[in-house]
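The values are calculated or read from the model by the stated rules, or taken from the named source; none is laboratory data. This is a predicted model, so every value here is computed, not measured. Methodologically, a virtual Cβ is constructed for each residue, glycine included, from the backbone with ideal geometry; neighbour enumeration extends over all protein chains shown. Surface areas here come from the heavy atoms of the whole protein model, side chains and all, with no ligands, DNA or RNA. Shrake-Rupley method; radii C 1.70, N 1.55, O 1.52, S 1.80 Å.
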Amino acid sequence: MNVTEANSVVLRKLLIFTVIMFGFGFALVPFYEKICEVTGLNNLLQADTLAENTQVDTARWVTVELDANTRGLPWQFKPLQSSVRVHPGELTQVVYEVRNNSDREINGQAIPSYSPQLLGKHLKKLECFCFSKQVLKPREVRQMPVQFLIEPGLPTDINTVTISYTFFELGNDNTASLDINADQI
Amino acid sequence: MAAVHDHDIAHAHDHHPTGLMRWLTSTNHKDIGTMYLWFSFIMFLTGGVMALTIRAELFQPGIQIVNPEFFNQLTTLHGLVMIFGAIMPAFVGFANWQVPMMIGAPDMAFARMNNWSFWLLPPAALLLLGSFFAPGGAPAGGWTIYPPLSVQMGMGMDMTIFAIHIMGASSIMGSINIITTILNMRAPGMTLMKMPLFVWTWLITAYLLVLVMPVLAGAVTMLLTDRNFGTNFFNAAGGGDPVMFQHIFWFFGHPEVYIMILPAFGIVSEIIPTFARKPLFGYSSMVYATASIAILSCIVWAHHMFTAGMPVTGQLFFMYATMLIAVPTGVKVFNWTATMWRGSMTFETPMLFAIGFIFLFTLGGFSGVVCAIVPIDIQVQDTYYVIAHFHYVLVSGALFAIFGGAYYWLPKWTGHMYDETLGKWHFWLSMFFFNLTFFVQHFLGLAGMPRRIPDYALQFADFNMISSIGAFGFGLSQLLFLYVVLKCIRGGAKASAEVWEGGKTLEWTLPSPAPYHSFETPPVIR
Ligand code: HEM
Ligand SMILES: [Cu+2]
């Protein structure tokens, strides 16, 4: 084999390797999702289960502020109460209201966000409109409950927390990935 | 593929075109190396102007010169231009010039492809810089182009994504060329473990490049489809996850920082033995250390994400893995020092830059280890402390090695000695102003000044003013380098073939300037 041929062999191998690594970048996506699922990280859109004997810590109050936003869709979205005071461990229900101000049917998905970040660990949501996509007919109004409790394990220096939801529009072509999430619930 | 067979013809014809066509069509490794180096220098000045604008704005608290949006565009483009435009092409330029000469090969393996890898760069640079003029301006979310910002920005972001694609393709082609040249075209008798260290570090760097560049290409492709074609890789609303981008990006990003430093290690490992007039201490441990750094660099990426939300086990793993890198790095620093130990040293400009490199790079390595400690990083992440860290490893690391290498090989390239006095001035001015600029940034960072912010609280004013003065001094000193290089090309004392009395690698057996075609008949290595 002369040098030119030997060179093309190396070239071919390295090109194949490059293509494989390009694919590997995309393979990281399902891999990442799998890891999050297995380790239970990032399960914002799934219902939590409750340990049976949660104690209610009646000696403590935590103020839960409720926030609502929409991004890029003609909906009006607000909590019916701007904040609630709860005892850690106490099961609480709040209600959000959403109204479709347009004349077309729209699919929306709410994504929660917590402040402080630490709350994510100690907030258990048993029921939430964010667990599935919401389809609103033209001008439809809907009231949606959220059932949650804050674990007594929340550090005692935290007295006020915020639960915030943002509604995003799902184009009809965009629903595929969410249906997968819906299956997992 | 035509590229494969072209090199046979490339040195068959001795009449090469002149003028612009010579450069456009050249397949000669020296011509292409020269173009890479000039391209890199132009990008260095371009990125430098952006840096000086940033520092001018930060000279005093308050907003004086640029508006905040433009400021953010400047920091973003400064990073991208310096990394992809200045540092990486400079090292590829060195590889083009030196690798064939140091292994006794006539040229690079794929000469036509070599021409392509260079000529992809100028259009990419134009796209990148052109994004300033796009509606909405250049990307402004930082060189790391994190979503959600990068998904929301104007079309400047799309231009940047294409530029990254093109520059990535260029790097991959360059790397394939370098790997093939090194594997197949060494002179008879030059076994792998007899290769000069510069060649070794580039071989390993090139493998890193083909390993991670395609992953970056994948990441920016996903950004592009998220932006334009309704996919939801990083879009939370559609079930995607912006933090995933950070993982994929840094899977590329951390090896990338070693891509920018391993060839620098190689250059320093050539300079130190020459001017200490002793063989490199611990050659094989140098090779193994380089390889282990490269391997380790692939499993530490999440140290850039300690505050992005990660389980404690993850933080611990990435913390310890990152600290582990300091071990092979320490081996290298030890070996360079041991090479100088009892050597008969002289301190010409290349040696000054190499010693400056060892001091300051090590300092940057130390602040890296500090950043790697999770509880500390949670404090300093996204502050000027990180800025100080990576400028110590990139400017006084990679860039100083590039300057050292340029002075070291300029006589071989041009046939003239450079002006030693001015070279020394360049070194000392750079050394002084570099530290003036960046050392104080450690204090700013520890005191909590965030990065990528055009305005700051009053208590940071003094250090920022010092830093800005240093930056202008540093920037102006680089014009001196330009002058020295031009002067050296135009004329100067005739350089001998050997140039430095301690140089032992093959390029010093060729006349100066190195002939257009070197080693038509391979040298024999004893
Ligand atoms: C002992 C070796 C090193 C260690 C332990 C180390 C560690 C780290 C850590 C932990 C960070 C993240 C800091 C943060 O964002 O809070 C960081 C950032 C960085 N390092 Fe290093 N590093 C080392 C060497 C290098 C080298 C050799 C380079 C380049 C030549 C480099 C370039 C960078 C860059 C560019 C960043 C900032 C990226 C950004 O956020 O924009 N580091 N380093
Ligand atoms: Cu890193």
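So here's what we get for this one:
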item	result
Candidate lysines - alpha carbon under 30 Å from A:K125, same-chain residues fewer than 8 apart omitted	A:K34, A:K78, A:K133, A:K137
Gyration tensor over alpha-carbon atoms, the range B:21-509, equivalent ellipsoid semi-axes in Å	34, 25, 24
Whole-number Å³ per residue for the convex hull built on Cα positions in the range A:1-42	58
Using θ = phi - 60° and Karplus 6.51 cos²θ - 1.76 cosθ + 1.60, couplings along the range B:119-133 (whole Hz; Gly, Pro as x)	6, 6, 5, x, x, 4, 5, 5, 4, 4, 6, x, 4, 4, 9
Cα gyration tensor of the range B:27-131 - equivalent ellipsoid semi-axes, whole Å, descending	35, 13, 8
Where only alpha carbons of the protein assembly as shown are counted, the Rg and the Dmax (Å)	28.5, 92
Between helix A:3-39 and chain A: long-axis angle, C-alpha atoms, 0 to 90°, nearest 10	10
Probe 1.4 Å, protein heavy atoms only - accessible area per residue of chain B in square angstrom	36
Euclidean distance between Cα centres, the range A:5-22 to the range B:424-489, Å	43
Solvent-accessible area buried by B and A, counting both chains, probe 1.4 angstrom, square angstrom	2900
Protection-proxy order for peptides B:24-37, A:116-129, B:404-417, each taking the mean of Cβ atoms within 10 Å per residue, highest first	B:404-417, B:24-37, A:116-129
Given B:K412/B:K494; B:K30/B:K424; B:K412/B:K487, the pairs whose alpha carbons are separated by over 18 Å	B:K30/B:K424
Over chain A: Kirkwood hydrodynamic radius from C-alpha pairwise inverse distances, Å	19.5
Debye log10 I(q)/I(0) at q = 0.14, 0.15, 0.26 Å⁻¹ for the range B:290-360, Cα point scatterers	-0.60, -0.65, -1.11
Cα-based Kirkwood hydrodynamic radius, the range B:118-234, one decimal, Å	16.0
Net charge of neighbours whose Cβ lies under 13 Å from the Cβ of B:A140, counting Lys and Arg as +1 and Asp and Glu as -1	0
Surface share of carbon and sulfur [accessible, 1.4 angstrom probe, percent] for the range B:34-160	75
For the range B:323-432: Kirkwood Rh in Å [reciprocal of mean 1/r, alpha carbons]	15.4
0 to 90° range, to nearest 10: angle between helix B:400-414 axis and chain B longest Cα axis	30
